[in-house]
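I'd like to ask you about the structure that follows.
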Amino acid sequence: MKYPLSLVPTAPVLAGLVTGILLSQAGVHVYVVALLVAASVAMYLSRWHYAAFVVLSCALGWCVYLLHEPEMPPLDVMGREGRYVAEVSSVREYSGGRVMVVEVRGLEGYGAVEPFLALMPTATLEPLVAVGDVVCFDGAPTDIERYDDLPGQTDYSAYYKAMGVTAQMEHDVSSLKVYPVDDPGWRNVMERQRMGWVNRLYSSGMRPETVQLIAAMVIGDTSTLEYETRRAFSSAGLAHVLALSGLHVGVIAFMISLVLFPLTVFGLNNCKWTVTIVLLWIYACVTGFSPSVTRAVVMATVFLGARILQRRYSPYNSLSVAAIIILVFDPRALFQPGFQMSFMAVLSILMFSGRLNPFANSKNRLAYNAMMLVTVPVSAMLGTGMIAAAWFGNYPVYFLVANLATVWLVPLFVGSGMLMCGCLSVGLCPGWLCGALDFMSGLFSGIADWVSGLPLAGVCVGVAAIALAAYFLSVGCAYVSLVRKSKVWWMITLFSASVFVVMLFCGGRHPSAGVYVSGTRTRTDIVADTGQGFVYVHTTSETADRETMCRAYDGFFRNIRADSICFAGNEAVDRGCFLRQGHIFAFGDRVMVLVTDKKCLEKPAGLCIDYAIVDRRYVGRLGKVIEELRPDTVVIARDVSLKRRGAWIDTCMARGVPVIDLRKRGLKVVTSGV
């Protein structure tokens, strides 16, 4: 069925809004916007009313993005050490630490500052912090660090920047003081309510793995998910199950319709649909108005509203309305992976699922519905697979197998999880329901582990922006080919797909062997890729274990197809091209020294040092390092404080020694000897 423009009146308006947001993000001058407004007025006076609205929506997109542009820290505050006051906006805990996003509001001795969002990573879970709390700490705002020093690493700084985070707080954890707030606002109240449900789930006696899945698939809290669970579901092509989406909202709407079935018996369908709309919006509020849930609830509202008003319903139009509503209130959502994958998944399903179904024109509805179990996940992957690869560097090859195995399990688990949350809210804890959820959780994990364990289950793919554009061009050509059934369009599709494949392979070359120097604010890591499937990892952290390092560099290990990974302590290593003896590392003809104390300044006679890597444990003068080691380049580790970092950079510049700040960029050491 083809949808004429009259059934999708908001699609061109959405296109104009998106164009305006992109123009504003690119820094287009206000004069261009004024020209667009003038053009829309001229079109309206010329009776080109619809074109005028489209052009005006472009100007609206520019204005909306400008109004929601994140506040930058004042220039005289950036890098200034002092005692700051902030409100906690979000908290994400993981093994051994947490990441907070705070809204900085004041600086002692400076006064109130224009509120701005800042990232606060810490390597401890103490003291306890909740959303809405006010925190005070000693620190200084700096630029957000990038953590993509190694090929295949996911750069989460882009994700936080898309959320409006404009700085990163370097702070003293011991100085952190927490002051709970009695009235933190409705958003924070909902966040605390979600945490209360999670705590009640943990006290129910169910396995921790079951509670984590319920929290993610019903409440929308993914902070408790273990790394191995995330990786298994992602590699199996089931990552969408862990994120609230239209599937979950559909299950909840079905449960609501069952509860309200008596209204149908008495002929009160309009009342039933109205109550359903209200309850779905309450659910969207409780789960934090994530883009995927908001999109699903808006589409359900338009669908049920059309039935109440006895009007025709267009899924394309409701999808456009949902996107417009989200972008008007949060234009930065356009640059977030959740928004992109949610809308592209639904759009691809609408475009391809029916046309790829060989029983679309058959009267055999059973065969048609059975085949939809295949065409729907394939269509969704057409729209989201490469977006996920561009953001996270992973493409699940066996997504169809995993989805077919779990398609019946998702509604049962979500429905049972909703029932369990309802029972716990009234003080009940049915043992049979706990056992059923534990059983289904075991099935979920078993399927994910089995599929992710298959050969080439999660292929590491690097997709550049231009390659992504070529991919969606080929997908669009494929849709036109299916509609028009033209050989010419099929040839165009084949050509555009070939261009994409060439771009993909040219942009995703296997990285050459080398030694990478990276790390975090608490440790310095040296990762050596010998180019022969063997990887050596050394870290200065005394608490980081093998799991921590695998999680940190998982994308890199998969990208180079590492066969053997060695996590060594202080023992000597000799792997041909790579040598390690104490604090000295040699790769081919390149030599590095990791300076942690004064003993590291002793070097064998005649040894030329290419890089001196200095971390926070070194308490002496940097000038002494330069005098004793005479390195070609000084490398300042990420864990060095802001004040010492500035002094060390000044020392290097005064002595004419090149310096690399790992907070600005990573270091890769290559050699002609390998």
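Specify which of the listed residues (Glu103, Glu126, Glu114, Glu69) is at pLDDT 85 or above and open to solvent by 80 Å² or more (accessible area, probe 1.4 Å). Break it down stepwise before answering.
Values: Glu103 fails: open to solvent by 80 Å² or more (accessible area, probe 1.4 Å); Glu126 fails: at pLDDT 85 or above; Glu69 fails: at pLDDT 85 or above.
So the residue among Glu103, Glu126, Glu114, Glu69 that is at pLDDT 85 or above and open to solvent by 80 Å² or more (accessible area, probe 1.4 Å) is Glu114.
I'd like the full set of residues that are closer than 11 Å to Ile21 by Cα and open to solvent by 40 Å² or more (accessible area, probe 1.4 Å), limited to the range 312-331. Please lay out each step first, then the result.
Pass one, the range 312-331, residues closer than 11 Å to Ile21 by Cα: 327-328, 330-331.
Answer for the range 312-331, where residues must be closer than 11 Å to Ile21 by Cα and open to solvent by 40 Å² or more (accessible area, probe 1.4 Å): Val328, Asp330.
Rundown of residues vs (1) modelled with pLDDT under 90; (2) closer than 23 Å to Gln193 by Cβ, yes/no style:
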| position | (1), (2) |
| --- | --- |
| Tyr398 | yes, no |
| Val401 | yes, no |
| Trp408 | yes, no |
| Pro411 | yes, no |
| Met418 | yes, yes |
| Cys421 | yes, yes |
| Cys429 | yes, yes |
| Asp438 | no, no |
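In this structure, does Gly109 turn out to be in a loop (DSSP other than H, G, I, E, B) and closer than 30 Å to Ala26 by Cβ?
Working: in a loop (DSSP other than H, G, I, E, B): yes; closer than 30 Å to Ala26 by Cβ: no.
In short, no.
Same structure, new question: Which of (1) part of a helix (DSSP H, G or I); (2) open to solvent by 60 Å² or more (accessible area, probe 1.4 Å); (3) within 21 Å of Phe339 (Cα to Cα) is the odd one out, the single condition Phe289 does not satisfy?
Only one criterion is unmet by Phe289, namely (1).
Return only the number of the condition from (1) modelled with pLDDT under 70; (2) open to solvent by less than 20 Å² (accessible area, probe 1.4 Å); (3) more than 25 Å from Lys664 (Cβ to Cβ) that Arg561 does not satisfy.
(2)
A further question on this structure: Please work out if Thr10 is under 28 Å from Tyr313 (Cα atoms) and either modelled with pLDDT of 90 or more or touching a strand residue (DSSP E or B) at 6+ places or on another chain (Cβ under 8 Å) (or both). I'd like the intermediate steps shown before the answer.
Details: under 28 Å from Tyr313 (Cα atoms): yes; either modelled with pLDDT of 90 or more or touching a strand residue (DSSP E or B) at 6+ places or on another chain (Cβ under 8 Å) (or both): no.
Taking the combined requirement at face value, the residue does not satisfy it.
Checking Glu602 against (1) touching a helix residue (DSSP H, G or I) at 6+ places or on another chain (Cβ under 9 Å); (2) modelled with pLDDT under 80, only one condition comes out false. Which one?
(2)
Filtering the range 631-660 down to residues that are in a helix (DSSP H, G or I) and small (Gly, Ala, Ser), which residue is most open to solvent (accessible area, probe 1.4 Å)?
Of all residues in the range 631-660, those in a helix (DSSP H, G or I) come to 642-655.
Add one more test, that the residue is small (Gly, Ala, Ser), and what stays is 646-647, 654.
On the way: Gly646: 31, Ala647: 52, Ala654: 88 Å².
Filtering the range 631-660 for residues that are in a helix (DSSP H, G or I) and small (Gly, Ala, Ser), the one most open to solvent (accessible area, probe 1.4 Å) comes out as Ala654.
Given (1) surrounded by fewer than 18 Cβ atoms within 10 Å (Cβ to Cβ); (2) in contact (Cβ under 8 Å) with a residue 40 or more places away in the chain; (3) over 16 Å from Arg231 (Cα atoms), identify the lone condition not met by Val426.
(2)
Right, next: At pLDDT below 70, out of contact with any Leu (no Cβ under 6 Å at 6 or more places or on another chain) and open to solvent by less than 60 Å² (accessible area, probe 1.4 Å), is that true of Thr539?
On the way: at pLDDT below 70: no; out of contact with any Leu (no Cβ under 6 Å at 6 or more places or on another chain): yes; open to solvent by less than 60 Å² (accessible area, probe 1.4 Å): yes.
Criteria not met by Thr539.
Restricting attention to the range 661-674, and to residues there that are of a type in the set (A, V, I, L, M, F, W, C) and touching a strand residue (DSSP E or B) at 6+ places or on another chain (Cβ under 6 Å), which single residue is surrounded by the fewest Cβ atoms within 10 Å (Cβ to Cβ)?
Once the filter is applied, the top-ranked residue is Val670.
Right, here's the next one. I'd like the residue in the range 595-630 that is open to solvent by 10 Å² or more (accessible area, probe 1.4 Å) and aliphatic (A, V, I, L, M) and, out of all such residues, is nearest to Ser541 (Cα to Cα).
Result: Val619.
Could you tell me whether the range 210-227 includes any residue that is open to solvent by 40 Å² or more (accessible area, probe 1.4 Å), touching a residue at least 40 places away in the same chain (Cβ under 8 Å) and not charged (D, E, K, R)?
no
Does the range 587-597 contain at least one residue that is assigned to a strand (DSSP E or B), charged (D, E, K, R) and at pLDDT 70 or above? If you could, list the steps in order and put the result at the bottom.
Going through the range 587-597, the residues assigned to a strand (DSSP E or B) turn out to be 587, 590-595.
Those left that are additionally charged (D, E, K, R): 590.
If we keep only those that are at pLDDT 70 or above too, we end up with 590.
For the range 587-597, residues assigned to a strand (DSSP E or B), charged (D, E, K, R) and at pLDDT 70 or above: present.
Look through the range 292-309, keep the residues that are β-branched (Val, Ile, Thr) and surrounded by fewer than 24 Cβ atoms within 10 Å (Cβ to Cβ), and return whichever of them is farthest from Ser342 (Cα to Cα).
Here the residue is Ile308.
Name the residues in the range 228-263 that are free of Cβ contacts under 8 Å to residues at least 60 places away in the same chain and either surrounded by 21 or more Cβ atoms within 10 Å (Cβ to Cβ) or of a type in the set (A, V, I, L, M) (or both), would you?
Within the range 228-263, Leu242, Leu244, Val249, Ala253, Ile256, Leu258, Val259, Leu260, Leu263 meet the criteria.
Moving on. Would you mention how many residues in the range 461-500 are open to solvent by 90 Å² or more (accessible area, probe 1.4 Å) and either charged (D, E, K, R) or in contact with a Leu (Cβ under 7 Å, 6 or more places away or on another chain) (or both)? Before you say what the answer is, go through the steps one by one.
Narrowing the range 461-500 to residues open to solvent by 90 Å² or more (accessible area, probe 1.4 Å): 466, 473, 484-485, 487-488, 490-491, 494-495.
Adding the requirement that they be either charged (D, E, K, R) or in contact with a Leu (Cβ under 7 Å, 6 or more places away or on another chain) (or both) leaves 484-485, 487.
Within the range 461-500, residues that are open to solvent by 90 Å² or more (accessible area, probe 1.4 Å) and either charged (D, E, K, R) or in contact with a Leu (Cβ under 7 Å, 6 or more places away or on another chain) (or both) number 3.
Could I ask something else about it? Restricted to the range 83-106, and to residues that are farther than 22 Å from Arg194 by Cβ and assigned to a strand (DSSP E or B), which residue is nearest to the chain's Cα centre (by Cα)? Steps first, please.
Taking the range 83-106 and keeping what is farther than 22 Å from Arg194 by Cβ, we get 83-85, 96, 104-106.
Then drop every residue that is not assigned to a strand (DSSP E or B), which leaves 83-85, 104-106.
Numbers: Arg83: 31, Tyr84: 28, Val85: 27, Val104: 23, Arg105: 26, Gly106: 29 Å.
Ranking the qualifying residues of the range 83-106, first place goes to Val104.
For every residue, the table says whether it meets (1) open to solvent by less than 60 Å² (accessible area, probe 1.4 Å); (2) free of Cβ contacts under 8 Å to residues at least 40 places away in the same chain.
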| residue | (1), (2) |
| --- | --- |
| Pro12 | yes, no |
| Tyr31 | no, yes |
| Leu35 | no, yes |
| Ser40 | yes, yes |
| Tyr44 | no, yes |
| Trp48 | no, yes |
| Val54 | yes, no |
| Gly61 | yes, no |
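Further question: If you take the residues of the range 332-361 that are touching a Gly at 6+ places or on another chain (Cβ under 7 Å) and not hydrophobic (A, V, I, L, M, F, W, C), which of them is nearest to Ile21 (Cα to Cα)?
The initial filter retains those residues of the range 332-361 that are touching a Gly at 6+ places or on another chain (Cβ under 7 Å), namely 332, 344-348, 360.
Retained after the next criterion (residues that are not hydrophobic (A, V, I, L, M, F, W, C)): 332, 348.
Values: Arg332: 9, Ser348: 23 Å.
Across the range 332-361, the extreme among qualifying residues is Arg332.
State whether one or more residues within the range 365-376 are open to solvent by 50 Å² or more (accessible area, probe 1.4 Å) and among the charged types (D, E, K, R). Outline the logic, then answer.
Within the range 365-376, the first condition is being open to solvent by 50 Å² or more (accessible area, probe 1.4 Å), and the residues that meet it are 365-366, 369-371, 373.
Going one step further and asking which of them are among the charged types (D, E, K, R), we end up with 365.
Yes, because at least one residue in the range 365-376 is open to solvent by 50 Å² or more (accessible area, probe 1.4 Å) and among the charged types (D, E, K, R).
Still on this model: Please give the number of the condition Gly338 fails out of (1) farther than 19 Å from Gly220 by Cα; (2) open to solvent by 30 Å² or more (accessible area, probe 1.4 Å).
Going through the list (1) farther than 19 Å from Gly220 by Cα; (2) open to solvent by 30 Å² or more (accessible area, probe 1.4 Å), Gly338 breaks only (1).
The values are calculated or read from the model by the stated rules, or taken from the named source; none is laboratory data. Nothing here was measured: the structure is a model prediction, and the numbers come from that model. Ideal geometry is used to build each Cβ from the backbone, glycine not excepted, and the neighbour counts take in all protein chains shown. All accessible areas refer to the heavy atoms of the entire protein, side chains included, with ligands and DNA or RNA removed. Shrake-Rupley method; radii C 1.70, N 1.55, O 1.52, S 1.80 Å.
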